[in-house]
Amino acid sequence: MIVTPLNVKKLAIVHYPDPVLKRVAEPIDAFDESLSALVERMTVLMDEDDGVGLAAPQVGLSRRLFIVRPPEDGAQVTAYVNPQFLEMEGAADAVEGCLSLPGVNVTKRRATKVVLEAQDLTGKTFRLEGKDLLARIWQHEMDHLDGRLLLDNMSDSDQIANRRAVKQMEERYRG
Ligand SMILES: [Zn+2]
């Protein structure tokens, strides 16, 4: 069990430099009510911050789960449990932000077409192909499951542009 009905409401988005964001997340093997409750809570938190994706480590849980709601009218939230990339193709640069890194924007090169396999909330395996923005969101969220952040391997100009925001987060974390 990952969460209980009592503690799920307490989950909040964690910010850099919380160490949970640097950890490689553990696979999920229990497909029970607590997993659905976790996804519901993550959806609320993602929507409150107008995000398009959120990974479990971003709410302090080092588990291999992320949710995505593409920025299109009427798009549904999809939960990806224990996701893996089967194929990646192409490359494109675009600016990304992150709910755990408020005020930070980083240009990232990502594959433009990805085939992904994951499990749903019942444990059933599914396979999807994503292109462009969807493929980008998947790669961003997968990075969270592997303890990687936008701040890793920034270009010199991104380091300079984000220096202030990074410093502010570090100060806030130290309290
Ligand atoms: Zn992120």
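What follows draws every value from the coordinates through simple rules; no lab data is involved. Quantities reported herein were computed from a predicted structural model and do not represent experimental measurements. Cβ atoms come from the backbone with ideal geometry, glycine included; neighbour counts cover every protein chain shown.
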Practice task
Quick one: residue 46 ticks every box in (1) without any contact (Cβ under 8 Å) to a residue 40 or more places away in the chain; (2) touching a strand residue (DSSP E or B) at 6+ places or on another chain (Cβ under 6 Å) except a single one, so which number is it?
Solution key: (1)
Problem - Exclusive hit being surrounded by 14 or more Cβ atoms within 10 Å (Cβ to Cβ) and under 15 Å from the mean Cα position of the chain (by Cα), set 31, 66 - result: 66
Problem - Condition broken by residue 161, with the remaining ones in (1) on the phi < 0 side of the Ramachandran plot; (2) more than 16 Å from the ligand (Cβ to nearest atom); (3) free of Cβ contacts under 8 Å to residues at least 12 places away in the same chain satisfied - result: (3)
Handout entry: Answer residue from segment 75-134, given it is polar (S, T, N, Q), in a loop (DSSP other than H, G, I, E, B) and within 16 Å of the ligand (Cβ to nearest atom) and is surrounded by the fewest Cβ atoms within 10 Å (Cβ to Cβ) among those
Key = 105
Completion exercise
Conditions (1) buried (at least 18 other Cβ atoms within 10 Å of the Cβ); (2) part of a loop (DSSP other than H, G, I, E, B) -> residue 144 fails only (2)
